[in-house]
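J.: Can you keep this structure in mind? I'll have questions shortly.
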Amino acid sequence: MSDSDVIHLSKVHIPWRQACNPYELHRALWKLFPDRADDERSFLFRVERQEQGVGAEVLLQSEWQPIPQATASRVLGSKRLALDFQEGQRLRFRLRANPVKTIKDERKGTVDRNGKTYTRTSRVPLLREQEQQTWLVRKLEGTASLEALLIEQEMPLFFHKESRQGRAGHRGKVQPVRFDGILQVQDPIAFLALVQQGVGPAKAFGCGLLSLAAV
């Protein structure tokens, strides 16, 4: 067991003034790692509960121990977990994810690469349950297999990022889906990497955290 096989799992409260905007919520979580400002993001999270005017309760998985800041969030609890998976191990899981596919988008124009012209692409959400299940199976391929699965469609997340000049900046939408089920580990090393890295895109908006428990 090495340090790279250890994670911290924490419950965090984010004040409403940050929690009401997914982009600001992510920035608030970054502040829990003040000595890691220049590192690549080493945490995943999922909003477990949100109350208007109060804030959000967040499940946070991180490589480093979160450090509460006076101007940011409250860490409600934290524990250090050693990850040790076995081939054939059966686990219950929960995953909020952003199943998408990439399509050519002529509205965005073209781009030239290596002397060739390509149509720019966009990501679009997969809205049918069968497509969403196929997406998850593909993401787990080589690491684990599905034994049971329930899919719950969730409300879209709208976000906005202001420009540095304070003017209206980028706006967007993420369409999350919640997966609950049972999986069986096929390759413990590859599965460990998947748990640490997260599943799929939109990790900055609370997608990708794979929660696990014994069957």
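J.: Taking the radius of gyration and the Kirkwood hydrodynamic radius from Cα positions alone, what is the Rg/Rh ratio for the chain, to two decimal places?
T.: We get a ratio of 0.99 for the chain.
J.: If you take the square roots of the eigenvalues of the alpha-carbon gyration tensor of the stretch 52-102 and sort them as a ≥ b ≥ c, do you get rounded (a/c under 1.5), prolate (a/b over b/c) or oblate?
T.: Details: a/c = 2.48, a/b = 1.39, b/c = 1.79.
Because a/c hits 1.5 or more and a/b fails to exceed b/c, the stretch 52-102 counts as oblate.
J.: Kindly report the accessible area of the chain per residue (heavy atoms of protein chains, probe 1.4 Å, no ligands, DNA or RNA), in Å².
T.: Result: 60 Å² per residue.
J.: Ok, one more. Restricting to Cα pairs below 8 Å that are 6+ residues apart, what does the relative contact order work out to for the chain? Please round to a whole percent.
T.: Relative contact order comes out at 26 percent.
J.: What is the distance, in nm, between label points placed 7 Å from the Cα along the Cα-to-Cβ direction at K11 and at Q153?
T.: Computed distance between label sites K11 and Q153 equals 3.1 nm.
J.: Which of the peptides 76-87, 6-17 is most tightly packed, and how do the rest follow, judged by the mean count of other Cβ atoms within 10 Å per residue?
T.: Numbers: 76-87: 11.7, 6-17: 17.4.
Taking the mean over residues of other Cβ atoms within 10 Å, the ranking is 6-17, 76-87.
J.: Rolling a 1.4 angstrom probe over the protein chains, ignoring ligands and nucleic acids, what is the accessible area of T102 in square angstrom, nearest 10?
T.: 90 Å²
J.: Would you mind computing, in nm to one decimal, how far apart the modelled labels at K101 and Q69 are, each placed 7 Å from Cα along Cα→Cβ?
T.: According to this spin-label approximation, the distance is 4.1 nm.
J.: For the chain, which whole-number percentage of the solvent-accessible area (1.4 Å probe, protein heavy atoms only) is attributable to carbon and sulfur atoms?
T.: After summing per-atom areas, the C and S share lands at 46 percent.
J.: Number of Lys-Lys pairs in the chain under 15 Å by Cα, sequence gap 8 or more or different chains? Spell out each step's value before the answer.
T.: Values: K11/K31; K11/K79; K101/K139; K101/K173; K139/K203; K161/K173; K173/K203.
Taking the Cα cut-off of 15 Å, the pair count is 7.
J.: Return the calculated 222 nm mean residue ellipticity for the chain, to the nearest 500 deg cm²/dmol, obtained by summing -39500 (n - 2.57) across DSSP H runs with n ≥ 4 and dividing by the residue count.
T.: About -4500 deg cm²/dmol.
J.: Using a simple spin-label model with points 7 Å from Cα along the Cα→Cβ vector, what separation in nm is obtained for V54 and K79?
T.: Here the answer is 2.4 nm between the modelled labels.
The values are calculated or read from the model by the stated rules, or taken from the named source; none is laboratory data. Predicted model, so just to flag it, every value in this text is computed and none were measured. Using ideal geometry, Cβ is built from the backbone for each residue, glycine included, and neighbour counts are taken over all protein chains shown. With ligands, DNA and RNA removed, areas are computed over all heavy atoms of the protein, side chains included. Shrake-Rupley method; radii C 1.70, N 1.55, O 1.52, S 1.80 Å.
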